[in-house]
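S.K.: First, the structure itself, so that you have it in front of you.
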Amino acid sequence: MSEPRRLYEQIAQKVASDIASGKYGLGQRLPSERELAQVFSVSRPTVREAIIALELDGLVEVRVGSGVYVTHERPPTGKVGAKDIGPFELLEARRVIEGEACAMAALRITDDELQKLNDLLAVMRTDNQHNEILMSEEADRQFHEIIALATQNTAIYASVQMLWDSRTRSPQTHMVDDLVRAHGVKPPIAEHAAIVRALKRRDPDAARSAMHKHITRVIERLLEHTEVKEMQRVRETAAEKRRWYSSVR
């Protein structure tokens, strides 16, 4: 049985068909994220993933904070590029699976594993201070994998590893990660420390909540910074206009 087409891919394919048919002409602005979400009855993160897929294929680009514009009727390479699980879809799955893994780990984690988590917190803190973001992200992955390992359930551990492998493999996630790194976003120490405190208390409800809060904030930051790219352009354009008006007075 073939793999079902991902929801964001279905939306991207429909919009791409509308572009190819001329419904949205070259240079035309697409409907807003909110409008597209209403048309397709999906969340805005799903629409955001569809736009990222269209952008990777070279069909659209986001301009000066005013929206998403059509740049090509068909992919310039002649074919649609490879896609994988989108970043928001992936984070939703992580929130569910890692939340329950953290609750289970709270009842089974060893003192040695807790020490490893504290050691990784120290590594992330040091790497963040020295702007070693990629190294800090690797410590972040190890942090989450240790929690999965602490469940003593090999299926859960394999599932968490698969989710992180998907992040590494996904072209869309690479694009979003590059953007948030450019804005200096680093693994948050306070959120990870809250997870460790809950695990140390052997409190499954608190552990689940701490993991849910952490991954929810990751989603919020991704949404914020995939919009910040456009807002930054708006600010830069406005600043340039102010300088121009000042110079002609």
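The values are calculated or read from the model by the stated rules, or taken from the named source; none is laboratory data. None of the values given here were measured: they were computed from a predicted structure. Here the Cβ is made from the backbone with ideal geometry for all residues, glycine too, and neighbour counts use every protein chain on show.
S.K.: Does Ile156 satisfy the criteria of being in contact with a Cys (Cβ under 6 Å, 6 or more places away or on another chain) and modelled with pLDDT of 95 or more?
M.R.: no
Let's see how each residue does on (1) part of a helix (DSSP H, G or I); (2) under 22 Å from Gln115 (Cβ atoms); (3) small (Gly, Ala, Ser):
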| residue | (1), (2), (3) |
| --- | --- |
| Leu134 | yes, no, no |
| Ile147 | yes, yes, no |
| Ala155 | yes, no, yes |
| Gln161 | yes, yes, no |
| Arg167 | yes, no, no |
| Asp177 | yes, no, no |
| Lys186 | no, no, no |
| Ala194 | yes, yes, yes |
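S.K.: Across the range 1-33, which residue is farthest from the chain's Cα centre (by Cα) among those that are of a type in the set (D, E, K, R) and farther than 19 Å from Glu89 by Cβ?
M.R.: Only one residue tops the list, namely Lys23.
S.K.: Given the criterion exposed (fewer than 15 other Cβ atoms within 10 Å of the Cβ) and of a type in the set (Lys, Arg), identify the matching residue among Arg208, Arg141, Arg167, Arg197.
M.R.: Arg197
S.K.: Let me confirm something: among Glu49, Glu92, Glu98, which residue is within 21 Å of Tyr157 (Cα to Cα) and in contact with a Leu (Cβ under 9 Å, 6 or more places away or on another chain)?
M.R.: Unique residue meeting the criteria: Glu98.
S.K.: Separate question: So is Ala93 under 21 Å from Trp164 (Cβ atoms), among the small types (Gly, Ala, Ser) and under 18 Å from the mean Cα position of the chain (by Cα) or not?
M.R.: yes
S.K.: Here's something else I'd like to know. Of the residues Val39, Val123, Val68, which is farther than 30 Å from Gln152 by Cα, assigned to a helix (DSSP H, G or I) and free of Cβ contacts under 8 Å to residues at least 40 places away in the same chain?
M.R.: One residue alone meets the criteria, Val39.
S.K.: Could we say that Asn128 is at pLDDT 90 or above, part of a helix (DSSP H, G or I) and surrounded by fewer than 16 Cβ atoms within 10 Å (Cβ to Cβ) here?
M.R.: No, not satisfied.
S.K.: Residues that are surrounded by fewer than 16 Cβ atoms within 10 Å (Cβ to Cβ), among the β-branched types (Val, Ile, Thr) and not assigned by TED's automatic domain parsing to the domain that holds Ser209: does the range 63-78 have at least one?
M.R.: yes
S.K.: Could you list, in sequence order, the residues of the range 76-97 that are in contact with a helix residue (DSSP H, G or I) (Cβ under 7 Å, 6 or more places away or on another chain) and either more than 22 Å from Leu56 (Cα to Cα) or outside any helix (DSSP H, G or I) (or both)?
M.R.: Hits for the range 76-97 are Gly81, Ala82, Lys83, Asp84, Ile85, Gly86, Ala93, Arg94, Arg95, Ile97.
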